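Comments concern the structure below.
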Amino acid sequence: MKTWTVLLSTLCLFSCNQQDNKFEKYVNPLIGTDIRVVQGKDKNSTEERGQIMPAVGVPHGMTNWVAQTQATEQKCYPPYYYFQDAIQGFRASHWMNGSCTQDYGSVTIMPLNNKLETDPLKRASSFDHTAETATPSYYTVDLKDYGIHAELTGLSRAGIMQFTFQQDGDHYIVIEPNSDEGVAFIQIDPEKKEITGYNPVHRIYQGRGKEAGFSGHFVIQLNEEIADYGVWDSTAVTSGKKSTQGRKHNVGAWVKLASDKPGKALVRVGTSFTSIENARKNLIAEIPGWDFDKVRRASSDTWNQALGQIAVKGNNEEEKVKFYSALYNAHFLPRTFSDTDGSYPKFDGGEQIMKMDHGTYYCDFSQWDTYRAVHPLFSILNPTRNGDMAHSLVLKGQQGGWLPIFPSWNSYTAAMIGDHCIAMIGDAIVKDAPGFDYEEAYTLMRKNAFEANTDSNSYRDGKGRRAMESYLKYNYVPLEDPVMEAFHRREQVSRTLEYAYDDFVLSQVAKKLGKTDDYNALIKRAENYRNVIDPETGYARGRHADGSWIEPFAPYDFVNFITEGTPYHYTWYVPQDIAGLMQQMGGKERFIDRLDTFFEGDYYWHGNEPGHHIAYLFAYAGEPWKTQKWVHDIINREYFTTPDGLSGNDDAGQMSAWLVFSMVGFYPVCPGMPYYVIGSPTFEESVITLENGKKFTIEAKGASDKNIYIQSATLNGQPYDKSYILHKDIMNGGTLSFIMGDTPNKEWASSNESLPPSLGL
């Protein structure tokens, strides 16, 4: 750990010869690449894995460029782990960063010296982290076993690798499409110094193992002449053969470079989800030449622009590393899925190629995670891009017939629970995101909310809300419904709570669009949470179809009617109506007492996303100083600048987005309502540069490790006594200024008039 701290300073405060890296220099992509060993758990526990890869490229790029320490496209295994000690190659990856899903459509490239070896484990080279540098725009490492210095950089759809062979000998490049299904294709054109191929994508969750209807296509070009070449499969290496097709076995290609002297070899790679030809076009469009440093500068400039939208000021350099590394992680997903000409594969397994009429087509929406803070962050920083993302979801719904639940691999899944594409799109509409048709979006959202999918085949395939018939009949999901056609079965109470929230968000859209009847029905359904929170015990509790509560009942136990937690965890998941929840639990005093016990008794679990808003709930009870205390505590307890610096996987950027919001000083407790609950700013100043050119500044005068409590506040020079800030106040630009101190001011923002609103503004 001490050695890493020294290396961290070197990694983060210097920039690999970049002249202007004001913000990028604070990013450490290695945070979250190792496993935090806590509470007796070990490296076999996926819950303790950050699941981050130290990728280079650009924000929301189609493809990420990363060193590979393990050869897999299997669920819950990213290409890179910090604790592994050998590099098998360098991957053009589509891993959903910070997730427990799987890579797909990827290809790996490995330089070798003096020995041709195709097996990933046998060809792997040892390396030393002291000779490894990772930034958002550039990665470099020494392959000790081969005397090769490897460098990576890249843009959205294309990347370039520079391999410096430091010794005489036979220089090889090995290429492997990483198909766990063993159906990849690869072809060599030695005259053109080009290798092409594809890796068909297969679904997981609903439809597991079925073809997804598209492939990861690639074009690899070399700047060196090829002296020899061949292909290989899991059993044999063949010389002189130009192509091979996997038939339930892994395949690949190899080339021998003409030069056997020390020197540099460049490899550039174009990728596409539509065709080899479009992969070639993407390559030409993004990297037309062989200037490695030019591509690196372009990537660095893009990252500095994105990261620089929030410029923070303070004396604690380590806090800046935390912040900008989190902002970097929040910019991976959803990923670009369309080519430079707008082409993309039709959603839901279709072979048809579609074309965007405007904007970019995105996919890999980990919506159970990202609607909470990732997309609300984009609604402030990049409303146009967020609108494109919403437009992409609308297109998926139009092409597949239903608005998807958790659209990944350009396919339907019923992974996790809830119906949170409604939450994401609804939040975008409420906050006036441009670039998509609100009425078209509403039609799709309404179908999900008012109709049960009675077609068993398409329902099994992931279309429609799970357990919708039960929910519409009882206004909750009873324990008698096992919810079998889902990745997560049962979890009836959690589903009810999340559907009630989704219905609330849709009610706000209906209200905005003038759909009065729908609004009246949906705002009533937004209170369905009352049907699964037992007023006697004050906890979320399983309920039978006849209305009786489950017996016996232990609120602190993990149970099958709750998702990834206990009833105590999920009781707080009523973001749309905290005032009503307070009433349902038995009043304000009981609410506060339960919250106090929750945190003081160490029941809070930051790795469980449905709890991310809980520390902010004190503000709804007139005790925002406790929010300030516990948010600050979570930041210090759950986030570090070491490779094991995340307490669990990053959940497609949600863990990181929580940190970004919380360090700036506010958080979107209820996406779908245009306000944010104020917490405890970390920095003396945070300046948000908005897409409209305006700036919103958060000042925290006197902020320090001890001065975490708000003493007073002003908004644009006027006294401010509310524990929340409106979205429009941010987007209009201005200054929110706090005076900070080391003891709570229990009077600030504590009156009834200061409380964040419930069930709409």
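The values are calculated or read from the model by the stated rules, or taken from the named source; none is laboratory data. Computed from a prediction, not measured in an experiment: that's the story for all the values here. Cβ atoms come from the backbone with ideal geometry, glycine included; neighbour counts cover every protein chain shown.
The residues of region 252-293 that are assigned to a helix (DSSP H, G or I), crowded, with 22+ Cβ neighbours inside 10 Å and touching a His at 6+ places or on another chain (Cβ under 8 Å), listed by number, are 278, 279. Selection of region 432-441 for residues being surrounded by fewer than 22 Cβ atoms within 10 Å (Cβ to Cβ) and in contact with a helix residue (DSSP H, G or I) (Cβ under 9 Å, 6 or more places away or on another chain) yields 432, 434, 435, 437, 438, 440.
Okay, residues lined up against (1) modelled with pLDDT of 95 or more; (2) surrounded by fewer than 23 Cβ atoms within 10 Å (Cβ to Cβ); (3) out of contact with any Asp or Glu (no Cβ under 8 Å at 6 or more places or on another chain); (4) among the charged types (D, E, K, R):
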residue: 39; (1), (2), (3), (4): no, yes, yes, no
residue: 60; (1), (2), (3), (4): yes, yes, yes, no
residue: 73; (1), (2), (3), (4): no, no, no, yes
residue: 85; (1), (2), (3), (4): yes, yes, yes, yes
residue: 92; (1), (2), (3), (4): yes, no, yes, no
residue: 102; (1), (2), (3), (4): no, yes, no, no
residue: 113; (1), (2), (3), (4): yes, yes, no, no
residue: 116; (1), (2), (3), (4): yes, yes, no, no
residue: 133; (1), (2), (3), (4): yes, yes, yes, no
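Quick one: residue 348 ticks every box in (1) more than 27 Å from residue 675 (Cβ to Cβ); (2) under 25 Å from the mean Cα position of the chain (by Cα); (3) crowded, with 24+ Cβ neighbours inside 10 Å except a single one, so which number is it? It is condition (3) that residue 348 fails. When region 341-359 is filtered for residues that are of a type outside the set (Phe, Trp, Tyr) and in contact (Cβ under 8 Å) with a residue 60 or more places away in the chain, the ones remaining, listed by number, are 341, 343, 345, 346, 348, 349, 350, 351, 353, 358, 359. Of the listed requirements (1) closer than 13 Å to residue 253 by Cα; (2) crowded, with 19+ Cβ neighbours inside 10 Å; (3) out of contact with any Lys or Arg (no Cβ under 7 Å at 6 or more places or on another chain); (4) of a type in the set (A, V, I, L, M, F, W, C), residue 165 misses just one: (1). When region 532-586 is filtered for residues that are out of contact with any strand residue (DSSP E or B) (no Cβ under 8 Å at 6 or more places or on another chain), β-branched (Val, Ile, Thr) and under 22 Å from residue 503 (Cβ atoms), the ones remaining, listed by number, are 563, 578. Got at least one residue in region 227-250 being within 24 Å of residue 289 (Cα to Cα), surrounded by fewer than 21 Cβ atoms within 10 Å (Cβ to Cβ), out of contact with any Ser or Thr (no Cβ under 9 Å at 6 or more places or on another chain) and assigned by TED's automatic domain parsing to the domain that holds residue 27? No, because not a single residue in region 227-250 is within 24 Å of residue 289 (Cα to Cα), surrounded by fewer than 21 Cβ atoms within 10 Å (Cβ to Cβ), out of contact with any Ser or Thr (no Cβ under 9 Å at 6 or more places or on another chain) and assigned by TED's automatic domain parsing to the domain that holds residue 27. Beta carbons closer than 6 Å, at least 6 apart along the sequence or on distinct chains, pair a first residue in region 254-269 that is within 11 Å of residue 169 (Cα to Cα) and in the same structural domain as residue 283 (by TED's automatic domain parsing) with a second that is surrounded by fewer than 17 Cβ atoms within 10 Å (Cβ to Cβ) and among the hydrophobic types (A, V, I, L, M, F, W, C) for 256/227; 258/227. Reported count of residues in region 154-187, each being part of a strand (DSSP E or B), more than 24 Å from the chain's Cα centre (by Cα) and farther than 23 Å from residue 144 by Cα, is 4. Against the list (1) under 27 Å from residue 49 (Cβ atoms); (2) charged (D, E, K, R); (3) part of a loop (DSSP other than H, G, I, E, B), the condition residue 142 fails is (3).
If you go through region 459-485 and pick out every residue that is crowded, with 17+ Cβ neighbours inside 10 Å and either basic (Lys, Arg) or in a helix (DSSP H, G or I) (or both), you end up with 8.
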